[in-house]
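Remarks on the structure that follows.
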Amino acid sequence: MDSPALLAIAALVIGATAIGLVIRARSGRVVVSDASQAADARLAVAGADVTLLQLSSPVCSACAVMRRVSEELVAGERGLARRELDVTEHPDLASAHNVLSTPTTLLVDAHGVVRGRIVGAAKPAEVRAAVQSVRESIGAAA
């Protein structure tokens, strides 16, 4: 093998590794945001102060993990609800909320305002902390 071919292969491996590390770092990331977006009451579950709206796809293995995490949290916390929507059936919703990968879980208040998002499958403690942070921001705004 000649030197340019080896350099090209090395650059390809380094580039792929960098992309993989970025994707891994973003997975399971929890971001709690302000309420600057317009409210969409269709996003929230009636009667819940916070809704975990999971946007999934049929071929997503991490979606099942996030589904279990959110179901466990909802079962143990009053005022917390969950919904799951397939992005292939709701592409307008995915586009409106900049969903680039699944699962993406939106933390929605009772009025339908997105207060945060979780990209990828997160640990139960991280989701619980995000829900608590949203509840605190709702309380501060009220």
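The values are calculated or read from the model by the stated rules, or taken from the named source; none is laboratory data. Note that the structure is predicted; figures quoted are calculated from it, not measured. Virtual Cβ from ideal backbone geometry, glycine too; neighbours counted across all protein chains shown. Just the protein is used for accessible areas: all its heavy atoms, side chains included, with ligands, DNA and RNA removed. Shrake-Rupley method; radii C 1.70, N 1.55, O 1.52, S 1.80 Å.
General remarks:
- Solvent-accessible area per residue for segment 29-141 (1.4 angstrom probe, square angstrom): 51
- Multiplying the residue separation of residue 10 and residue 40 by 0.36 nm and removing their Cα-Cα distance gives an extension gain of 6.0 nm.
- Just the protein heavy atoms count here, and of the accessible area of segment 29-141 at 1.4 Å, carbon and sulfur take up 53 percent.
- Rounded to 0.05, the FRET efficiency of the residue 57 and residue 18 pair, given R0 = 22 Å and the Cβ-Cβ distance, is 0.30.
- Burial order of peptide ranges 79-90, 38-49, 113-124 (average beta-carbon count within 10 Å, highest first): 113-124, 79-90, 38-49
- FRET efficiency estimate (nearest 0.05) - Cβ-Cβ, residue 3 to residue 100, R0 30 angstrom: 0.20
- Rounded to the nearest 20 debye, the dipole size of segment 29-141 about its Cα centre is 240 debye, using +1 on the Cβ of Lys and Arg and -1 on the Cβ of Asp and Glu.
- When only alpha carbons of segment 29-141 are considered, Rg and Dmax amount to 12.6, 39 Å.
- When the Cα atoms of segment 34-85 are aligned to their principal axes, the ranges along those axes come out at 31, 25, 19 Å in descending order.
- The Rg/Rh ratio of segment 95-140, with Rg taken over Cα atoms and Rh as the Kirkwood radius over Cα pairs, comes to 0.98.
- Dipole axis of segment 29-141 (+1 Lys, Arg; -1 Asp, Glu on Cβ), positive-most option in 53, 88, 124: 124
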